[in-house]
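The values are calculated or read from the model by the stated rules, or taken from the named source; none is laboratory data. Quantities reported herein were computed from a predicted structural model and do not represent experimental measurements. Because the Cβ atoms are built from the backbone with ideal geometry, glycine has one as well, and the counts that use them run over all protein chains shown. Quick note on the areas: whole protein, heavy atoms, side chains included, nothing else; ligands and nucleic acids left out. Shrake-Rupley method; radii C 1.70, N 1.55, O 1.52, S 1.80 Å.
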Amino acid sequence: MSKQLGFLHSSEKCVGCRGCEMACKNEYQTDAAPRWRQVFQLHEERYSLPTRMFFSIACNHCANPQCLKVCPVGAYTKRDDGIVVHNRDRCIGCRLCTMACPYDRPQFNHAKGKVEKCNLCYQRLDQGEKPACVAACIPGALELVEITAELDQKLGVLKTLPGLPTPALTNPSIRFIGPKQGKQIRRD
Amino acid sequence: MGTVEWPLVLFTVLGETSIGILLALWWLDRTPLDAGLYRKATLTSGALLGLALVASLFHLGHPEAAYRALTHLGSSWLSREILFFVLAALAWVYLFLQISRPNGQRRVAAGIAGLLGLFGIVSSAMIYVLPRVPAWNSAQTPLFFLLTTGLLGALSLLFLGWKSLSPAQMAGLMYWSLGCVLSSLFSYILYFSQLTGMSPEGLATAQILTTSPLFWLRVITNWGAPLILLLPLFKRKRSFNPNLLLTLLVVSGIGEFLGRALFYLSAVGIHISALK
């Protein structure tokens, strides 16, 4: 693997509009139930700010993907750019990957009897385009980045947020920028 | 996880009982064993193994493509489980051929089938040793699966062979069953104490268990009743009551099914706890 692509999400910019979720659904015409991308709101009491704060999660294309490890049919592969691709044609719907992922991102589609997840729009990336969710994000809260040591050393870049599983489990390829102190004042 | 997963409950418990019978046969066959019992136990084991394999297919979204599950042996315990169970089924066919011959190598065949099945059961258990699920992520998961194998295998053979087994063989199976019940009870107490001090997810699992009526029914059927029912058998070794043996098998079987159903139902995985 020559590099590791991933997402950088800024909770400072995110307004929780779920435009990224809808862009993903529009791009792939997915059924209603599986949500490849999902916007979450942090519990106010778990973050030391009286703010309304969101983060958006799809497959994290982990450096240590548990889904890939447990899949009995080899439906998961990791590309050279670090994207974890799920091949739905190979999937037999055993659901073991849904048990193994702490982010609940591979999701079982009961209508199709198979698991689905975000493939980071690799076909769009191969044509030089941005992933659908990144392209649709109005406030520019979601970015496609290369996960590097330099990125992790930047001020304000976080590996996790309160309410997320410990990154030690899978080493997810997502980074966050939390809200700045005192800027957002709206309460639930 | 979070649901009962009946196909998996049936597959694991029936498969473990089947392999347990084969292993018990192999173990008892050190001393002369009645050919009729061998045949009866082998056929029972085969029927249970067949039912287990069929039940496992109902868990899949696409059962017609189940053969593909053999293609990721390098890292997937599910692939290894299927491989070993298929090999155990083939070894069972070999065993069946051996018991049909006058001088067949039945003990070797039972040993091979049992050993392959044992590998399958350990692989089955290892599927659930997932870092995401604290309630499963320990050596106790394979231990529970192996204890089910030992208990139901021995009790099945005890019931099937109550007429033809020698008192020493019966006593051996009873001591083995008692050992499995006691090991299961004490390891579960240890498991439970670890759950409550482990993590929020472990604590949530413990809460689901203690508030579920199924758990208390399991306490009675899996540990309480077998211990009570085994005692009279130890007192009257020479006059075994088949009704008592059948009751012991059925009650313990119910306990094991409940235990396995709760295994799936009560597991809480590490997850995103933010608001959706």
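How large is the accessible surface per residue of chain B, computed with a 1.4 Å probe and reported in Å² as a whole number? Could you put the intermediate results ahead of the total?
On the way: 11650 Å² over 276 residues.
With all protein chains present, chain B gives 42 Å² per residue.
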Candidates B:Ser193, B:Ser266, B:Ser156: whichever shows maximal mean-square fluctuation once chain B is modelled as a Gaussian network with Cα springs under 10 Å: B:Ser193
Cβ-based charge dipole, chain A, positive-most Cα from A:Tyr76, A:Tyr103, A:Leu158: A:Tyr103
Degrees between helix B:242-266 axis and first principal axis of chain B (Cα, 0 to 90, nearest 10): 20
Heavy-atom surface of chain A, accessible at 1.4 Å and reported per residue (Å²): 45
Cα centroid of region A:95-114 to Cα centroid of region B:134-160, whole Å: 28
Unit charges at the beta carbon, dipole of region A:24-157: most positive-side option, A:Thr148, A:Val134, A:Asn26: A:Asn26
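Counting DSSP beta bridges in chain A, what percent are antiparallel, to the nearest 5?
On the way: 17 of 21 bridges.
Of those bridges, close to 80 percent are antiparallel.
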A:Arg88, A:Arg95, reordered so the largest accessible area comes first (probe 1.4 Å): A:Arg88, A:Arg95
Heavy-atom accessible area, 1.4 Å probe, ligands and nucleic acids excluded: residues of region B:118-136 down by at least 40 Å² from chain alone: B:Leu130, B:Pro131, B:Arg132
On Cα atoms only, tilt of A:19-28 relative to the major axis of chain A in degrees: 20
Region B:102-169: relative contact order as a whole-number percent, Cα under 8 Å and 6+ apart: 21
Average Cα contact separation per residue, chain B, under 8 Å, 6 or more apart, as relative contact order %: 25
Buried solvent-accessible surface, both chains (A, B), 1.4 Å probe, Å² to nearest 100: 2800
Dipole of the protein assembly as shown [Lys/Arg +1, Asp/Glu -1 at C-beta], most positive-end residue of B:Ser273, B:Leu118, B:Leu227: B:Leu227
Inter-label distance for A:Val15 and B:Ala171, nm, one decimal - labels placed 7 Å from Cα along Cα-to-Cβ: 8.3
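Ordering B:Trp216, B:Trp77 by how much accessible area each has at a 1.4 Å probe, largest first, what is the list? Before the final figure, lay out each step's value.
Details: B:Trp216 125, B:Trp77 90 Å².
The ordering from most to least exposed comes out as B:Trp216, B:Trp77.
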Heavy-atom accessible surface of region B:6-266: percent carbon and sulfur, 1.4 Å: 73
Accessible-area value, B:Trp176, 1.4 Å probe, nucleic acids and ligands omitted, Å²: 130
Heavy-atom accessible area, 1.4 Å probe, ligands and nucleic acids excluded: residues of region B:37-83 down by at least 20 Å² from chain alone: B:His59, B:Leu60, B:Gly61, B:His62, B:Arg68, B:Ala69, B:Thr71, B:His72, B:Ser75, B:Ser76, B:Leu78
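Charges only on Cβ, +1 for Lys and Arg, -1 for Asp and Glu: so what's the dipole of chain A about the Cα centre, in debye to the nearest 20?
Taking the Cα centre of chain A as origin, the dipole is about 280 debye.
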nm² value of the averaged projected area, convex hull over the Cα atoms of region B:41-96: 4.1
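Give me the percent of accessible area attributable to carbon and sulfur for chain A, probe 1.4 angstrom. All intermediate terms of the calculation are to be shown ahead of the outcome.
Details: 4330 of 8430 Å².
Solvent-exposed carbon and sulfur of chain A make up 51 percent of the total.
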Charge dipole (debye, nearest 20) of the protein assembly as shown; +1 at Cβ of Lys and Arg, -1 at Cβ of Asp and Glu: 540
Region B:6-266, dipole about Cα centre (Lys/Arg Cβ +1, Asp/Glu Cβ -1), debye to the nearest 20: 760
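What do you reckon, how do A:Thr160, B:Thr3 stack up by accessible area (1.4 Å probe), largest on top?
On the way: A:Thr160 50, B:Thr3 70 Å².
The ordering from most to least exposed comes out as B:Thr3, A:Thr160.
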Nearest 10 degrees, 0 to 90: helix B:167-196 Cα axis against chain B principal axis: 10
Where the Cα pairs of region B:6-266 fall when distances are cut into 10 Å bins, in %: 7, 30, 34, 22, 6, 1
Selected from A:Val73, A:Val15, A:Val84 as most flexible by GNM, with chain A as the system and alpha-carbon contacts under 10 Å: A:Val73
Solitary cysteines of chain A, where the nearest other Cys Cβ is not under 4.7 Å: A:Cys14, A:Cys17, A:Cys24, A:Cys62, A:Cys71, A:Cys91, A:Cys94, A:Cys101, A:Cys121, A:Cys137
Computed over chain A: relative contact order in percent, which uses C-alpha pairs under 8 Å that are six or more apart: 34
